[in-house]
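Q: What follows is a single structure, and I will ask about it in a moment.
The values are calculated or read from the model by the stated rules, or taken from the named source; none is laboratory data. In this text, all values refer to a predicted model and were calculated from it rather than measured experimentally. Ideal geometry is used to build each Cβ from the backbone, glycine not excepted, and the neighbour counts take in all protein chains shown.
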Amino acid sequence: MQDQSRPIALVILAAGQGSRMQSDLPKVLHEIGGAPLVVHGIEAGLSLEPARLIVVTGHGSDLVEAAVSAHNPAAQTVQQTEQLGTGHAVLQAKEALDGFDGDVLVLYGDTPFVRAETLEAMRAARATHDIVVLGFNAADPGRYGRLIMEGDALLKIVEAKDASPEELDVDFCNSGLLCADAATVMRLLENVGNENASGEYYLTDVPELAKAEGLRATAIACDEAETLGINTRGELAKAEALFQANKRNEAMENGATLTAPDTVFFAFDTYLGRDVMVEPNVVFGSGVTVENGARIRAFSHLEGTHVGARAVVGPYARLRPGAELGNDTKIGNFVEIKAAEIGEGAKVNHLSYIGDASIGEASNIGAGTITCNYDGVFKHRTEIGADVFIGSNTMLVAPVTIGDGAMTGSGSVINSDVPAGDMAIARAKQVNKKGLGARLMAKLRAQKQAKKGQ
Ligand code: UD1
Ligand code: MG
């Protein structure tokens with residue numbers, strides 16, 4: 001029984017192999033919305049502003065550690081070299097919790113949907129109970145642990161494998177999440193044995209051991225969908241569908257219009273502002289923010305991109321990492337942009353590749369323009385000033401700079417800088433041969449007639 005301002009340490013269990021995934025990748029690294037499952041678990045827990053964040057790794061620990069620290073450098077990882085059960089897994093965090101005076105919240109790395117509100121409710125229940133477990137009423141209790149309650153007191157958790165027929169009839173099940181004083185959990189876990197059907201050290205033995213000491217355990221309920229765990233590729237696909245449905249609703253609740261929501265795909269971190277309009281069949285990879293009033297037209301693919309207010313993108317645009325579109329920009333069909341800043345009001349409307357570049361305000365890039373940024377070994381930059389007009393089908397051979405207010409003639413191959421205000425034409429000069437078009441056509445037609453007559 002504690003006040004709710006106690007510091008929280010998250011312990012995220014992520015050591016299991018997930019053999020039913022049939023994968024060389026550790027289960028927690030399979031992705032939903034472009035982020036590994038374990039990252040979703042971390043993100044859920046971060047809403048409690050934990051003082052410590054500990055991830056227990058085992059199978060593929062080097063890969064899991066790399067993914068965890070890439071996402072959250074403050075996270076600590078501890079290894080569970082043998083997977084001897086959930087209780088044993090939590091015990092591995094003991095050293096990392098040294099000197100920590102507060103609550104531990106145990107989460108699973110393969111349970112990505114638990115809501116911040118639910119974790120808050122668990123924390124709130126600590127005001128009256130020493131151990132708080134998160135339960136749910138299972139449509140099909142199957143192999144979940146059963147929560148044996150008496151009023152609001154949790155007497156014990158029984159694993160399905162170890163349960164009596166009467167206990168198996170209980171449909172209030174264990175999600176696996178548990179919150180309690182860290183030192184108490186560690187002390188109780190030292191006494192957990194493995195004399196059970198699985199021969200494992202169960203975290204679920206903690207409430208009963210607590211009760212034997214006169215401590216009070218309880219369970220609060222959440223929606224079953226929140227505790228959805230992922231064990232198979234089929235469950236991963238279902239979880240992805242659920243994630244997408246949630247993100248679509250969230251985007252619409254925040255003021256975006258999705259004309260065909262079921263055809264728009266989001267990443268875990270997609271942000272859409274107010275009055276953003278998203279047409280059908282748009283894919284957001286990770287790292288996309290779209291400011292107020294922008295329009296993403298049909299069949300566009302965006303990742304690692306910032307779209308400024310009122311910009312129009314697509315249809316059929318491809319925005320790759322590092323695309324920075326200013327306010328009121330226009331990016332049209334079959335345009336690819338990578339690592340490039342497009343200044344306010346600038347337009348790249350048709351069939352272009354703009355990579356490793358910057359384009360100043362109000363410049364117009366003609367159809368078919370390409371920044372030739374790669375020489376086969378190195379990448380080079382193209383700098384285009386403000387109010388520039390790049391003629392259609394210009395090849396900008398980087399490194400190259402085009403000054404403010406300059407122009408290039410259509411079809412030019414530009415490989416040296418163009419000073420501000422100049423016009424660069426770099427193509428063969430046109431020659432008109434008097435009457436030759438008509439004479440040549442007549443000759444070819446005559447040849448065709450002669451062939452037919454043979
Ligand atoms: C566990 C619970 C069960 C609950 C169910 C909910 C126990 C004993 N049982 O069963 O009551 O209904 O979750 O899904 O806790 N892990 C480790 N190291 C280990 C073992 C597991 O890190 O040694 C991790 C797994 O990677 C996974 C989580 O702990 O993320 C749960 O392990 P799992 O084997 O799936 O437990 P269940 O048998 O499903
Ligand atoms: Mg499980």
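Q: I'm told Tyr202 meets every condition in (1) within 16 Å of ligand 1 (Cβ to nearest atom); (2) under 20 Å from the mean Cα position of the chain (by Cα) except one. Can you identify the failing condition by its number?
A: Of everything listed in (1) within 16 Å of ligand 1 (Cβ to nearest atom); (2) under 20 Å from the mean Cα position of the chain (by Cα), Tyr202 misses just condition (2).
Q: Something else now. If you check every pair at least six apart or on different chains, which have Cβ atoms under 8 Å apart with a residue in the stretch 366-378 that is at negative phi first and a residue that is in a loop (DSSP other than H, G, I, E, B) and of a type in the set (D, E, K, R) second?
A: Pairs that qualify, where the first residue is at negative phi and the partner is in a loop (DSSP other than H, G, I, E, B) and of a type in the set (D, E, K, R), are Asn373/Arg381.
Q: Let me ask something additional. Go through the residues of the stretch 13-30 one by one and say whether even a single one is in contact with a Phe, Trp or Tyr (Cβ under 7 Å, 6 or more places away or on another chain) and under 20 Å from Glu190 (Cα atoms).
A: The answer is yes; a qualifying residue exists.
Q: For the stretch 237-284, which positions are farther than 24 Å from Asp328 by Cα and polar (S, T, N, Q)?
A: Gln244, Asn246, Asn249, Thr263
Q: If the Cβ limit is 6 Å and pairs must be 6+ apart or interchain, which residue in the stretch 140-153 that is under 17 Å from Ala197 (Cα atoms) and in contact (Cβ under 8 Å) with a residue 24 or more places away in the chain pairs with which residue that is within 14 Å of ligand 1 (Cβ to nearest atom) and part of a loop (DSSP other than H, G, I, E, B)?
A: Listed by first residue and then by second, the contacts come to Tyr144/Ala138; Gly145/Glu159; Arg146/Ala163; Arg146/Val170.
Q: Looking at the stretch 44-61, can you tell me whether even one residue there is within 16 Å of ligand 2 (Cβ to nearest atom), over 22 Å from Leu134 (Cβ atoms), modelled with pLDDT of 95 or more and not in a loop (DSSP other than H, G, I, E, B)?
A: Checking the stretch 44-61: at least one residue is within 16 Å of ligand 2 (Cβ to nearest atom), over 22 Å from Leu134 (Cβ atoms), modelled with pLDDT of 95 or more and not in a loop (DSSP other than H, G, I, E, B).
Q: So, one more: Identify the residue in the stretch 295-351 that is of a type in the set (S, T, N, Q) and touching a strand residue (DSSP E or B) at 6+ places or on another chain (Cβ under 8 Å) and, among all such residues, is nearest to Asn281 (Cα to Cα).
A: Checking each candidate, the answer is Ser300.
Q: Separate question: Is it the case that the stretch 215-227 has a residue that's buried (at least 17 other Cβ atoms within 10 Å of the Cβ) and under 20 Å from the mean Cα position of the chain (by Cα)?
A: Yes, some residue in the stretch 215-227 is buried (at least 17 other Cβ atoms within 10 Å of the Cβ) and under 20 Å from the mean Cα position of the chain (by Cα).
Q: Can you name every residue in the stretch 85-111 that is assigned to a helix (DSSP H, G or I), in contact with a strand residue (DSSP E or B) (Cβ under 9 Å, 6 or more places away or on another chain) and not β-branched (Val, Ile, Thr)?
A: Listed by number, the residues that qualify are Ala89, Glu95, Ala96, Leu97.
Q: Next up: Is there a residue in the stretch 408-416 that is closer than 27 Å to Thr305 by Cα, hydroxyl-bearing (Ser, Thr, Tyr) and exposed (fewer than 15 other Cβ atoms within 10 Å of the Cβ)?
A: The answer is no, given that none of the residues of the stretch 408-416 is closer than 27 Å to Thr305 by Cα, hydroxyl-bearing (Ser, Thr, Tyr) and exposed (fewer than 15 other Cβ atoms within 10 Å of the Cβ).
Q: Return the total of residues in the stretch 252-266 being in contact with a helix residue (DSSP H, G or I) (Cβ under 8 Å, 6 or more places away or on another chain) and in a helix (DSSP H, G or I).
A: Summing the residues that are in contact with a helix residue (DSSP H, G or I) (Cβ under 8 Å, 6 or more places away or on another chain) and in a helix (DSSP H, G or I) in the stretch 252-266 gives 3.
Q: Working only within the stretch 76-121, note down all residues that are acidic (Asp, Glu), touching a residue at least 24 places away in the same chain (Cβ under 8 Å) and away from ligand 1 (no atom under 16 Å from the Cβ).
A: Result: Asp101, Asp103, Glu120.
Q: Looking for something within 31 Å of the chain's Cα centre (by Cα) and closer than 28 Å to Gly314 by Cβ - is there at least one such residue anywhere in the stretch 382-396?
A: The answer is yes; a qualifying residue exists.
Q: Tell me, yes or no, whether the stretch 29-50 has at least one residue that is free of Cβ contacts under 8 Å to residues at least 40 places away in the same chain and touching a Gly at 6+ places or on another chain (Cβ under 8 Å).
A: Taking every residue of the stretch 29-50 in turn, at least one turns out to be free of Cβ contacts under 8 Å to residues at least 40 places away in the same chain and touching a Gly at 6+ places or on another chain (Cβ under 8 Å).
Q: Something else about it: Considering only the stretch 108-155, state which residues are within 15 Å of ligand 2 (Cβ to nearest atom) and charged (D, E, K, R).
A: Asp110, Asp140, Arg143, Arg146 - these are the residues of the stretch 108-155 that are within 15 Å of ligand 2 (Cβ to nearest atom) and charged (D, E, K, R).
Q: I'm trying to understand the selection: among the residues of the stretch 1-43, which are basic (Lys, Arg) and either within 16 Å of ligand 2 (Cβ to nearest atom) or in a helix (DSSP H, G or I) (or both)?
A: Arg20, Lys27
Q: Let me ask you something else. Check the stretch 321-340 and report whether any residue there is part of a loop (DSSP other than H, G, I, E, B), of a type in the set (Val, Ile, Thr) and within 22 Å of Tyr271 (Cα to Cα).
A: yes
Conditions tested, residue by residue: (1) more than 16 Å from ligand 2 (Cβ to nearest atom); (2) under 28 Å from Gln92 (Cβ atoms).
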residue: Gly199; (1), (2): yes, yes
residue: Ala221; (1), (2): yes, no
residue: Thr227; (1), (2): no, yes
residue: Gly234; (1), (2): no, no
residue: Lys247; (1), (2): yes, no
residue: Gly255; (1), (2): yes, no
